[in-house]
């Protein structure tokens, strides 16, 4: 099936994370080389909301994430379906981010457990990271997607093929295949960074 890529404009984008009460506005760079494009297939797309979960760990504001099934593509087995092609992120009742990928996302943890849609991590007082596990298939490596919420904005900061091997506090151990860990992503101290075979000394993602 032929697939079209969503365009991602610009090599670098500057993101303001909002005004703090006790300090200046933080500005982060997003490297587009860390963001593989989402996939969008030709043909009809009709979405049905499947689940909604709150973003926990935030001291202020009320954020939630809704997942949608593409009923044209994945409704053949609704009881066991675990591939979700659309994500909406809300602040209160307002949609502040909507993202579509026909390869989809799946639950984190035990396959089809439907227990955990994503993991949230506090970056700093202004911004929170949401980590999603890509759809898992018989062949191929799932995408690992990281969104960042800052106030009324949501940005994609990472979308690459990686398995999530383990999550320990602020560190996500990642791997490319079953041969062992390839590195880790750390979310703390106001930044998101990666250490892997390509960046053995580390690289700031956000």
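What follows draws every value from the coordinates through simple rules; no lab data is involved. Keep in mind that this is a model prediction, so the values were computed, not measured. Positions of Cβ are generated from backbone atoms using ideal geometry, with glycine treated the same way; all protein chains shown enter the neighbour counts.
Round to the nearest 0.05 the FRET efficiency obtained for residue 179 and residue 203 when R0 = 22 Å and r is the Cβ-Cβ distance.
0.50
How far apart, in nm, are two points set 7 Å out from the Cα along the Cα-to-Cβ line at residue 54 and at residue 168?
Output for this residue pair reads 3.0 nm.
Modelling each spin label as a point 7 Å along the Cα-to-Cβ direction, I'd like the residue 116/residue 45 distance in nm, to one decimal.
The answer from the label model is 2.8 nm.
Each label point is 7 Å from the Cα along the Cα-to-Cβ direction; what then is the distance between the points at residue 153 and residue 71, in nm?
3.6 nm
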